[in-house]
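Worksheet: the structure to be examined is printed underneath.
The values are calculated or read from the model by the stated rules, or taken from the named source; none is laboratory data. Being a predicted model, the structure only gives us computed values, none of them experimental. As a convention, Cβ positions derive from the backbone with ideal geometry for all residues, glycine included, and neighbour counts pool all protein chains shown. Quick note on the areas: whole protein, heavy atoms, side chains included, nothing else; ligands and nucleic acids left out. Shrake-Rupley method; radii C 1.70, N 1.55, O 1.52, S 1.80 Å.
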Amino acid sequence: MTITGRSAMDGAQSAPKLKRVLGLPSLIAFGLTSLGILSVVAVYGAGTEISDGHLPAAYLAALVAMLFTAHSYGRMAKHVPVTGGAYAYASRAFGSPVGFMVGWTMMLDYLFLPMVNFLLFGLYLNSLVPVIPQQLGVLLCLLVVGLFSVIGVAWIKKMNIVVVAASVLVILVFLVLAVVNAPDLSFDNFAQPLTLGEGGVAPVMAAAAIVAFAFLGFDGVSTLSEEARHPKRDVPRGIILSTLFAGLGYTLFSVAGSLIAPEWRSIVNLDAAGTELMQRAGGDVLMVVFVIVNLGGLVLCGTAAQMSVSRVIYAMGRDRILPGALAGLHPRFRTPYFAAMLVSAVSLIALVITLEQAVYMINFGALVAFAVVNLATIKVVFFDLGKRGAAGTMRNMVMPLLGFTFIAWLWTSLAWFTYLLGAAWLAVGAVIFMLRRRKAGGQVALSFDDGMAAEEGTVPAEPGSGEREDARTPGN
């Protein structure tokens, strides 16, 4: 890939940088917070009904499938260790037009992912304290998340760890109490939800398509490459481990649910199955603790999502594909606060839309990003960097293809409205890109800056002092 055009940011070497403060535990905690361990309750009812009581098996199938895409993110995070996630990876693999469109589509996902958390926060807070209107809860969560996004990762990483620990503790307590209070504890009741039922594989895989969306968010770790102390080592591990741990947490919760309610049709309200299951296992005390921990998780999950999208916007502003002002960093916290404030302003839409409408927005953007990252792994790592051989072919060709196949299959589960909305969003993005390129006077530059260390004969994509403007990366 030839890098042409003017430098993305004049004086990039002396420009303020994002703080490198995150180690592996913090990255895992961020990933788990982005995923929202207790988000399993949001799809418990639908997943249980579709799988006919075999939700744990559906979660295991979805986990295995999603790990292929998480693996692709990890490979790209190792070889393209810069902020921007799928935007940066698509730009490196396929050039700035594709990179922009992927980044633009990611914003459809990331802009509305915080709104889902705001809406759920309002719902749960209203259920816990009915005198607080749902809309007020939404606004309160939005403001807190906006503040945390400006303060930055150095301030909230400990909060992430606390909330993740509390969420895991709630799941473990729920599991223990479900075993103790199970109406009919037997090996068959424990193992049966983990196997295929009378309907065979079809109901389980149909449910896997639904619960797979509970894994949306692990890719947020990839946007923190320039804030990780050892990005090429820790970011790939953080992506894989957070996905794996979240999947195991989801599975344990669903196993506990099947123990405390072996006949899933006995659940009065499948849409609110989480609170009902908690009440059955541990009474009102556990239910209230669950709601409180879930409220904290929703705040930090919203923060993680907002931090992710603000870093994508920051990267696109730094490349001058979006206005350069969006690449401004806070003088004290060194966070992209202009981008974060823009996201908060857009998030006010949460006051007038429904939860279902927000979910429609998320699914399209996430699946586009996941599909392209799988393909980018093949292009960059297998072809450009020549990581082949038996092991290389498996890791850099076969596994990304399996990940892409699963994501392509998930596209078939989307509602028709999602395709219409996605096409309109892409059309707007194409117009914006053409206008930005015309203003820039030619091809918009890709900015991989000095955060992307040269390795095994590669050269930084951004020409530095004394390098030719048409420098090429090996393999192209």
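Report the percentage of all Cα-Cα pairs in the chain whose separation exceeds 32 Å, rounded to a whole percent.
Working: 42685 of 113050 pairs.
Considering the chain, 38 percent of its Cα-Cα pairs are separated by more than 32 Å.
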Checklist outcome for this item: Pseudo-spin-label distance Ala390 to Ala424, built 7 Å along Cα→Cβ, given in nm, is 5.4 nm
Checklist entry - Between Ser127 and Ala191, what length comes free when the chain is fully extended (0.36 nm per residue of separation minus the Cα-Cα distance, one decimal in nm)? => result 19.6 nm
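Using a 1.4 angstrom probe, figure out how much accessible area the range 364-403 has per residue, in square angstrom, rounded to the nearest whole.
Values: 1380 Å² over 40 residues.
Result: 35 Å² of accessible area for each residue.
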Checklist entry - To the nearest 10 square angstrom, how much accessible area does Asp184 have with a 1.4 angstrom probe? => result 90 Å²
Checklist entry - Carbon and sulfur together cover what percent of the accessible area of the chain at a 1.4 Å probe radius? => result 69 percent
Checklist entry - Any idea what the relative contact order of the range 128-246 is, in percent, if you count C-alpha pairs under 8 Å spaced at least 6 apart? => result 12 percent
Checklist outcome for this item: XL table Lys19/Lys158; Lys78/Lys379; Lys17/Lys379; Lys19/Lys78; Lys78/Lys387; Cα-Cα > 22 Å flagged, in table order, is Lys17/Lys379
Checklist entry - So how exposed is Val164, as accessible area in Å² (1.4 Å probe, rounded to 10)? => result 20 Å²
Checklist entry - If you look at just the Cα atoms of the range 216-314, how large are its Rg and its Dmax in Å? => result 17.4, 50
Checklist entry - Given only helices, namely DSSP H runs of n ≥ 4 each adding -39500 (n - 2.57), what is the per-residue ellipticity at 222 nm of the chain, to the nearest 500 deg cm²/dmol? => result -22000 deg cm²/dmol
Next on the checklist: Between Glu198 and Val21, how high is the FRET efficiency from 1/(1 + (r/R0)^6) when r is the Cβ-Cβ distance and R₀ = 60 Å? Nearest 0.05.
Outcome noted: 0.70
Item to check | Sparsely packed GluC sites (Glu not before Pro) within the range 123-231, loop by DSSP, other Cβ within 10 Å at most 11 | outcome: Glu198
Checklist outcome for this item: For the pair Leu140 and Ala325, the simple spin-label estimate (label points 7 Å beyond Cα toward Cβ) gives in nm 3.3 nm
